[in-house]
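Heads up: the structure comes next, in structure tokens.
The values are calculated or read from the model by the stated rules, or taken from the named source; none is laboratory data. Since we're looking at a predicted model, the values are computed, not measured. Glycine also receives a Cβ, built like all others from the backbone with ideal geometry; neighbour counts cover every protein chain displayed.
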Amino acid sequence: MTNIGNVSMSYREIKLETESDVEQKFIYQLLTAEEPFGLGFADRDFVTKKSIKKIKIDKGNKSKLYYPDYAIVIDGVPLAIIEAKAPGELGEAYREGRLYAAEINSSYPKNSNPCTLIIATDGNILEIGFWDSEHPALTLTLENLVSTDPKFGELLELASYRTLQKNVFEFLKGIKKTARYFKPKHMLGGQSIINETVGDNSFGANVSIEYKYLFNPDTFEDRNAIAENAYVTSKRKLSHVSPIDKIVRSSLPSASKNSTQIENTEKPREIISSLSKHIGSAHEVCLLVGSVGSGKSTFTDYLKLKALPEDIRNQTVWLNLNLNYAPLSREKIYDWTLKSCIARIKDVLPETDFDSLETMLEIYKDDLEKLKKGRAALFSEDSLEYRQLLSEKLADLENDLEKTLDQTISYLKRKFSKTTVIVLDNCDKGNKNDQLLMFEVATWLKKSFSSIVFLPLRDTTYDQYRNVAPLDTVIKDLVFRIDPPLLERVIYERLSFLSRSLSYHSQNFSYTLSNGIRVDCDKSEVERYFKCIITALFQEQFFKRIIVGLAGRNIRKGLEIVLDFCKSGHIPEDLILKIRQSDGHFEIPVNYVSKILFKGNRKYYDDSASYIKSLFHSYVEDALPDPFMRISILELLKSKSREFGPNKIRGFHKIQDLLKTLQQSGHSHQRALSEISVLADAGCIYTESQDSHVADDDLISIAPSGFIHLDLLKNIYYLSAISEDTFFRENQVAAGIKDNIIGNGKFSVSSRQTAILNSKLLLDYMIKYKERFFVGSVPVLKESDIAHLDKFSEVFNYVQLIANNDVKLNEVFELERLYPIGSVHEGQVVSVQNAGLIVEFSLNGSGWVHKSNFNGSLCFDDMENGDWLSVEIIDYNNKHGRFQLRAFD
């Protein structure tokens, strides 16, 4: 039996007349039905003949071009060939499948034959066997195709997804063999060394704390200060934006026909016009749609403080609720919202004493009048009973949060002629379900209370679910879309605000050195420090592109990255002193900027602790480590970034479709799914669910940070950094990188030449690993159906070009070519020192012989200037500009 939709049916009941019927009705159902009714494959696990290439099979007069109807491909490995014939015409189907499988296996190394299983059927008879066996191992008729039949059980043991998944694991494990994999930083010592942090520099840390309000305003007072003094306009159309800003601004499509675009947030006429219409009636929800961190909260602050016309501002009272502190559960959120609204009313109207009896009597006026006309009328107003009734009623009303908020809002309207506007801040930080819950809360607020509710909502949430309950109830005219401002402008405006603020304060700024000494400096030096940091990040186009790309449309994240940069422990005290003493024009060296961006607060690069991920990351616990997975995922999404997905939104595609392509390119679908989650969590991928936990049917798209990561493959400092945390199958490669990062290499640790050498070691290894161990594109596929997702040759050529053009590096290469390690030369002593000799040899060779490196009958104490001796090249020491030598007679 097999399950088709909700109908359970027998294979015998499928009507088959043609070969196409056998392919589509019989084989497809057998493949995709879950065990024990079928073989349990997903669509991603097989390819059909429209994608399978023709191969010449057989010999002599029988030779012909042939391709089967199906090929099963799991984790990039072809495992089975399936041939279909019309009913009654089974003929040589099994033999043809065997010949095709033999040709596929011939494309793999000797004794590696992954494509072992052959299935041939005409819809009446099913033959199953192996590529190297002339006769089928199992033959079934329609009567056997039921889950209770023993032969059907044998079929499952031979050909089910469960079995073939084990087969592919063993095949890949056979390629891996017993090889050990090494990470350079793991060769340095234990976990304390591997995970060593550099901490914060004291100056930057103190600056970050004192001026946190510039980068991460948290209190309402700080937010208001930013809105009033450092607000940056977001305009839909700008006269000039950089290429990376264009990528950021177009990274998420806007469904403008379903919302109103705010063209200029400095003068948001669209939203002002709407507010003017609804102030009197209230009871409305306004959605402010934009990306996470795009400035929606800052915009609402600016709107209420400066953008609104004075008459509207005087008619409204704004209650901002910070959902960062809200319990996002259906059981608690409503009470929290009521309490928060009541508390905010007291905060924003401090001149009114809401705790006084006079105000309370005015707020609950209607309910108290009913009491006075009813039970309280039995007593005189001076009596104890009358007061007791009044007191109990007031207590009941105060405890009724919904009643209290409703009556307080009415009081504000009655006494001050003010309409209440409730802003549910930071809703967009939650996942999809949290945001939809807050929309329900917003809808409840507008129905229950005479108020206008502002709900900032993530654009992906609105675009994906606007036609689904509860968002389908929103009025289109009350949906406003906001674009983020340019990050660079936000940074410079906040720096300008800092400069103005410092001019009002004369007190000094202090910080503590690593030796405990307290240092006082003028506050103008703080401004210089910020200027140098921001110049380093935004004047150099490459670093600007990284920062803007990593932040994407999330201005909040961009500010966080800049703040982390300011306090980085990779900025040493001598560099801070140079910055302080400069007039704001000191240039932070490129290698320092790169180190901070790539390594974060770690001494050695750590993929899990950096804003920037390693695109060569792999896992030794896999059957065969795959260091190309992340590149392939991002390249695939990049190639589809302009295509429309199933939801008619450009760039968003189903994971299950992508997984099929990735499998056909040689990757494990399970590892691909987990790596999509990693990249989503890192901000390289946008997900429909807005969560790093993804499923096969989720939609995803490449984010600006994903584009930046692909660009970084052509940066030696990035490649050098990630090489420290990359698994290598060859101990020598890992050891070479390890020596370079601890100062035992030919160049200093932070030099450009060391970065080039580490990049070369990484890329040379990856090219070889790909050729020898990566299964690659499936050989059954047509060339036109193969997704070429790697750019290794481009990256390799880039690194090679950089190495070829580095004068200092090539001087050393030339010396090593002229004087290879182990070669022997005749040299003359030119200087005798306490620890050894300086010897010159050939035309331009010079080296050092330590007194411990004397062999044979030579004696160090007998050496004098001018003596001749034989020397052997041990190594070249670039730091001293000479060779290390061994002397003998």
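Select from segment 54-82 the residues that are in a loop (DSSP other than H, G, I, E, B) and crowded, with 18+ Cβ neighbours inside 10 Å and list them in ascending order. Of everything in segment 54-82, those that are in a loop (DSSP other than H, G, I, E, B) and crowded, with 18+ Cβ neighbours inside 10 Å turn out to be 67, 68, 69, 75, 76. Under 6 Å between Cβ atoms, which residue pairs at least 6 apart in sequence (or on different chains) link something in segment 124-140 that is acidic (Asp, Glu) with a partner that is part of a strand (DSSP E or B)? From residues that are acidic (Asp, Glu), the pairs are 127/120; 127/139. Among the residues examined, residue 785 does not qualify as under 55 Å from the mean Cα position of the chain (by Cα), under 30 Å from residue 753 (Cα atoms) and in the same structural domain as residue 763 (by TED's automatic domain parsing). Within segment 507-559, the set of residues being in a loop (DSSP other than H, G, I, E, B), out of contact with any helix residue (DSSP H, G or I) (no Cβ under 7 Å at 6 or more places or on another chain) and either in contact (Cβ under 8 Å) with a residue 40 or more places away in the chain or under 18 Å from residue 493 (Cβ atoms) (or both) comprises 539, 540, 554. One residue stands out among those in segment 434-484 that are among the charged types (D, E, K, R) and within 26 Å of the chain's Cα centre (by Cα): the one that is nearest to residue 654 (Cα to Cα), which is 463.
Does residue 80 satisfy being assigned by TED's automatic domain parsing to the domain that holds residue 156, in contact with a Lys or Arg (Cβ under 9 Å, 6 or more places away or on another chain), at pLDDT 95 or above and not β-branched (Val, Ile, Thr)? No; evaluated as a whole, the condition is false for this residue. Return a yes/no flag: does segment 110-119 have any residue that is out of contact with any His (no Cβ under 7 Å at 6 or more places or on another chain), surrounded by fewer than 16 Cβ atoms within 10 Å (Cβ to Cβ), assigned to a loop (DSSP other than H, G, I, E, B) and of a type outside the set (Ser, Thr, Tyr). Within segment 110-119, one or more residues are out of contact with any His (no Cβ under 7 Å at 6 or more places or on another chain), surrounded by fewer than 16 Cβ atoms within 10 Å (Cβ to Cβ), assigned to a loop (DSSP other than H, G, I, E, B) and of a type outside the set (Ser, Thr, Tyr). Does residue 748 qualify as being outside the structural domain of residue 464 (by TED's automatic domain parsing), buried (at least 23 other Cβ atoms within 10 Å of the Cβ), in contact with a helix residue (DSSP H, G or I) (Cβ under 8 Å, 6 or more places away or on another chain) and not charged (D, E, K, R)? For residue 748, the condition - outside the structural domain of residue 464 (by TED's automatic domain parsing), buried (at least 23 other Cβ atoms within 10 Å of the Cβ), in contact with a helix residue (DSSP H, G or I) (Cβ under 8 Å, 6 or more places away or on another chain) and not charged (D, E, K, R) - is not met. Could you tell me whether residue 521 is more than 32 Å from the chain's Cα centre (by Cα), under 21 Å from residue 587 (Cβ atoms) and of a type in the set (A, V, I, L, M, F, W, C)? Yes, satisfied.
Residue 163 falls short on exactly one of the conditions (1) of a type in the set (S, T, N, Q); (2) closer than 30 Å to residue 38 by Cα; (3) surrounded by fewer than 15 Cβ atoms within 10 Å (Cβ to Cβ), and that condition is (3). Just one of 881, 866 is under 56 Å from the mean Cα position of the chain (by Cα), of a type outside the set (S, T, N, Q) and surrounded by fewer than 16 Cβ atoms within 10 Å (Cβ to Cβ); which is it? Being under 56 Å from the mean Cα position of the chain (by Cα), of a type outside the set (S, T, N, Q) and surrounded by fewer than 16 Cβ atoms within 10 Å (Cβ to Cβ) holds for just one of 881, 866, which is 881. State whether one or more residues within segment 848-856 are more than 56 Å from the chain's Cα centre (by Cα) and polar (S, T, N, Q). Yes: one or more hits. Taken over segment 597-620, the criterion of being in a helix (DSSP H, G or I) and surrounded by fewer than 21 Cβ atoms within 10 Å (Cβ to Cβ) is satisfied by 607, 608, 609. Test residue 281 against the criterion of being surrounded by fewer than 21 Cβ atoms within 10 Å (Cβ to Cβ), closer than 22 Å to residue 441 by Cβ and either within 34 Å of the chain's Cα centre (by Cα) or modelled with pLDDT under 90 (or both), and give yes or no. Considered against the rule, which asks whether it is surrounded by fewer than 21 Cβ atoms within 10 Å (Cβ to Cβ), closer than 22 Å to residue 441 by Cβ and either within 34 Å of the chain's Cα centre (by Cα) or modelled with pLDDT under 90 (or both), residue 281 comes out as yes.
Select the helices (runs of 4 or more DSSP H) contained entirely in segment 137-229, then report the ones holding at least 2 residues which are in contact with an Asp or Glu (Cβ under 6 Å, 6 or more places away or on another chain) and closer than 30 Å to residue 497 by Cα. Qualifying helices (runs of 4 or more DSSP H): 220-229. Taken together, the residues in segment 755-799 that are of a type in the set (Ser, Thr, Tyr) and in contact with a Pro (Cβ under 8 Å, 6 or more places away or on another chain) amount to 1.
Pairs are defined by a Cβ separation below 8 Å, a sequence spacing of at least 6 or placement on different chains, a first member in segment 326-350 that is part of a helix (DSSP H, G or I), and a second member that is surrounded by 20 or more Cβ atoms within 10 Å (Cβ to Cβ) and among the aromatic types (Phe, Trp, Tyr); the pairs so defined are 348/318. Count of segment 764-791 residues, restricted to those that are in a helix (DSSP H, G or I) and either surrounded by 18 or more Cβ atoms within 10 Å (Cβ to Cβ) or touching a residue at least 60 places away in the same chain (Cβ under 8 Å) (or both), is 6.
If I go through segment 621-660 residue by residue, how many of them are assigned to a loop (DSSP other than H, G, I, E, B), closer than 17 Å to residue 766 by Cα and among the polar types (S, T, N, Q)? Total meeting the criteria: 0. Of all residues in segment 247-269, count the ones that are at pLDDT 85 or above, closer than 29 Å to residue 216 by Cβ and either surrounded by fewer than 22 Cβ atoms within 10 Å (Cβ to Cβ) or not β-branched (Val, Ile, Thr) (or both). Adding up the residues that qualify gives 6.
Conditions tested, residue by residue: (1) without any contact (Cβ under 8 Å) to a residue 40 or more places away in the chain; (2) over 11 Å from the mean Cα position of the chain (by Cα); (3) closer than 30 Å to residue 805 by Cβ; (4) not in a strand (DSSP E or B).
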{"residue": "677", "(1), (2), (3), (4)": "yes, no, no, yes"}
{"residue": "680", "(1), (2), (3), (4)": "yes, no, no, yes"}
{"residue": "686", "(1), (2), (3), (4)": "no, no, no, no"}
{"residue": "696", "(1), (2), (3), (4)": "no, yes, no, yes"}
{"residue": "705", "(1), (2), (3), (4)": "no, no, yes, yes"}
{"residue": "711", "(1), (2), (3), (4)": "no, yes, yes, yes"}
{"residue": "718", "(1), (2), (3), (4)": "no, yes, yes, yes"}
{"residue": "721", "(1), (2), (3), (4)": "no, yes, yes, yes"}
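Criterion applied to 218, 200, 122 was being of a type in the set (D, E, K, R) and surrounded by fewer than 14 Cβ atoms within 10 Å (Cβ to Cβ), and the one residue passing it is 218.
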